[in-house]
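Single-structure report; data block below.
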Amino acid sequence: MTPAPPHEDPGPGPGRNALSRLDRPLPGPQGRPLRVGLHQPALPKYRVPVFREFASRDGIDLELSYGVEPFIANVPPDGFRATERAPLRLLGRIWWYAGQFRLADPSRFDVAIFPWNTRILSLVPALIVARLRGVATVVWGHGYSKNESSLRRWIRLRMGLLADCQLFYNYGTAQQMIRLGAPRNRVFVALNCLDQAPIERAQDAWRAQPGRLDAWRRDQGVDPRRTLLFVSRLDPANRVDLLLRAAAALRARFPDLLVAIVGKGDDEPRLRALAGELGLGSTVRFVGAEYEEDRLAPWFLSARAFCYPANIGLSILHAFGYGLPVVTSDNFSGQNPEIEALRHEVNGLTYTDASVEALAAALERLLRDDDLHGRLSAGARETVREAFSLSWMVDGLEAAARRAYARRALKAR
């Protein structure tokens, strides 16, 4: 299964709201909150606001269990109970989480939410034990993996059907699951999002002192009308090499062009060598890794567009929070679930996948056309304000948990 095209229509029936919110209140446990145990492979910083909001909901008692993942830094929980429980690594990227069976204990939890990952061998036994012991279950994840085999896809679908409810990161994949036979009332969506509050605070602080931002731009030699930005890990899958080649094609028409690359990663030596081969010189700047929003903000506030050539994920929502139009590939099967936020000619532009000429043409449009840039910038801000908010994501989590509990309680009668 691959991601559906962005903004696929949910089709006939209740529509998107019903995939993220319940159409009517469902009964919970008598005289106490719904006890939700949620397991995640890690606790990255961007997930803390999601779980804090979930734990704050009326009638929800949340406890999180999380593991340890390579390349993901765990942070302390804030506003919810959580325990780190390291997994057993069996082979390569195959894991066994003994802590998942703790979530199947009805004396502790009414609902268990598990990561929907075919590489976690403990998942199926934990789902079965939970069912036998009367704990409602939700599997939460992408619902697909890029370039997965038919066997792995079949395993993933069967895993999903073992749970009381399936929870997806976007509407397109959820609709595909429904078409494959998943019961409509057991499928939910928690749109993957970023907490926009830190982004809003950072840009408000910089804009409140225009002299500070102007001084930063002078010091950095940055012209907001001629700067293209990439912020993420430097990984071959992100195809930053295409951005460098597009910059080489644009440089003759825009001699003051700057491509700012913020991030570190395994692909950096190759990209630096390519920049040298292309003779880009001062046209490209490798800024290094920046993680603090106040230090990232001036780059976002001083760019004309955000270019992520391929494999884009949550970065799209980061850029939209600053009102930056996004340019990325039209090969949606090679993107992550957050691609559903992108609407061509509304909040960004797509280009023909892997084509340097098409990428350069899309970037040139944004560099030249002020009206287009203004319209896409407004569309970017509206997207994160209206559709990809923290509350919408948590609505989906809560709806799936409550539906799963109601289904399990009905079966127990």
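Loop-located trypsin sites (Lys or Arg not before Pro) in region 106-179 (DSSP state not H, G, I, E or B) with no more than 13 neighbouring Cβ atoms inside 10 Å: R108, K146. Under 23 Å Cα-Cα from K264, which lysines qualify once same-chain neighbours fewer than 8 residues away are excluded? Partners within reach: K45.
Taking each DSSP H run with n ≥ 4 as -39500 (n - 2.57) and averaging over every residue of the chain yields -12000 deg cm²/dmol at 222 nm.
Each label was represented as a point 7 Å from its Cα along the Cα-to-Cβ direction; for E69 and A208 these points are 3.4 nm apart. Among D371, D241, D214, the largest mean-square fluctuation in a Gaussian network model of the chain, built with springs joining Cα atoms closer than 10 Å, belongs to D371. Gaussian network model of the chain, Cα springs within a sub-10 Å range: biggest mean-square fluctuation belongs to which of I339, I72, I178? The residue that fluctuates most here is I72. Placing +1 on the Cβ of every Lys and Arg and -1 on the Cβ of every Asp and Glu, with no other charges, gives the chain a dipole of roughly 1540 debye about its Cα centre. In terms of its alpha-carbon gyration tensor, region 29-74 comes out oblate; a/c meets the 1.5 threshold, while b/c is at least as large as a/b.
Here is the list for region 337-413: GluC sites (Glu not before Pro) lying in DSSP coil, each with at most 14 other C-beta atoms within 10 angstrom of its C-beta, are E345. Each Cα pair under 8 Å and six or more residues apart adds its sequence gap; the mean of these over the residue count of region 197-386 is a relative contact order of 23 percent. The residue list V284, P224, G265 was ranked by how far each Cα lies along the charge dipole of the chain toward its positive end, using unit charges on Cβ atoms, and G265 comes out on top. Working from Cα pairs under 8 Å separated by at least six residues, relative contact order for region 312-413 is 29 percent. The chymotrypsin sites (Phe, Trp or Tyr not before Pro) of region 291-375 that DSSP puts in a loop, and whose beta carbon has at most 10 other beta carbons within 10 Å, are Y291.
Below 8 Å between Cα atoms, with a sequence gap of 6+, how large is the relative contact order for the chain in percent?
The normalised contact order for the chain reaches 19 percent.
By the count of neighbouring beta-carbon atoms within 10 Å, fewest first, C307, C193 end up ordered C193, C307. Membrane-span-like helices in the chain, defined purely by DSSP H runs whose alpha carbon atoms cover 30 Å or more axially and whose average Kyte-Doolittle hydropathy reaches -1.0, are 390-412. Residues of region 161-181 falling in the label zone of E148, defined by backbone nitrogen less than 15 Å from a point 7 Å along Cα to beta-carbon, are 161-163, 166-170, 173-178, 180-181. One Cα centroid belongs to region 286-346, the other to region 42-104; the line between them spans 26 Å. If you run the Gaussian network model on the chain, springs between alpha carbon atoms under 10 Å, then out of P29, P224, P87 the most flexible one is P29.
A short reminder: the numbers here are calculations on the coordinates, not readings from a lab. Fair warning: this is a prediction, and the values are worked out from it, not measured in the lab. Please note: Cβ atoms are built from the backbone with ideal geometry, for glycine as well, and neighbour counts cover all protein chains shown.
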